[in-house]
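FYI, it's all coordinate maths here, none of it is from the lab. Values in this document were obtained by computation on a predicted structure and should not be read as measured data. Every residue, glycine among them, receives a Cβ derived from its backbone with ideal geometry; neighbour counts consider all protein chains shown.
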């Protein structure tokens with residue numbers, strides 16, 4: 001995770017929507033002034049959960065993962081950060097498991113009985 005997760009989300013929003021400037025991206029986010037955006041960029045202020053959720057939805061990111069990473073960025077307590085990291089590992093593991101299951105279900109079976117020799 002980058003040291004400024006909130007800003008990395010704004011950058012993803014710009015990339016996904018084709019916004020040419022930070023200001024254009026900020027205008028898409030509820031209650032995001034130029035001053036607030038500057039503070040997010042400097043790492044002095046994280047995005048709100050609503051803003052992060054909007055970006056996740058626009059960019060096709062897992063909302064749960066985004067919100068946990070945002071909480072990890074916001075907290076100053078190392079024990080809370082560690083607990084959130086454990087939750088994040090479970091989320092990532094579950095998503096990987098689901099993806100693998102879907103991929104296996106979509107893969108055609110190799111049935112030797114049907115092959116012509």
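If the Cβ limit is 6 Å and pairs must be 6+ apart or interchain, which residue in the stretch 71-82 that is closer than 10 Å to residue 46 by Cα pairs with which residue that is surrounded by 10 or more Cβ atoms within 10 Å (Cβ to Cβ)?
Pairs that qualify, where the first residue is closer than 10 Å to residue 46 by Cα and the partner is surrounded by 10 or more Cβ atoms within 10 Å (Cβ to Cβ), are 71/84; 73/5; 73/46; 74/46.
Give the stretch 13-28 a look and list any residue that's part of a loop (DSSP other than H, G, I, E, B) and touching a helix residue (DSSP H, G or I) at 6+ places or on another chain (Cβ under 7 Å), or say none.
19
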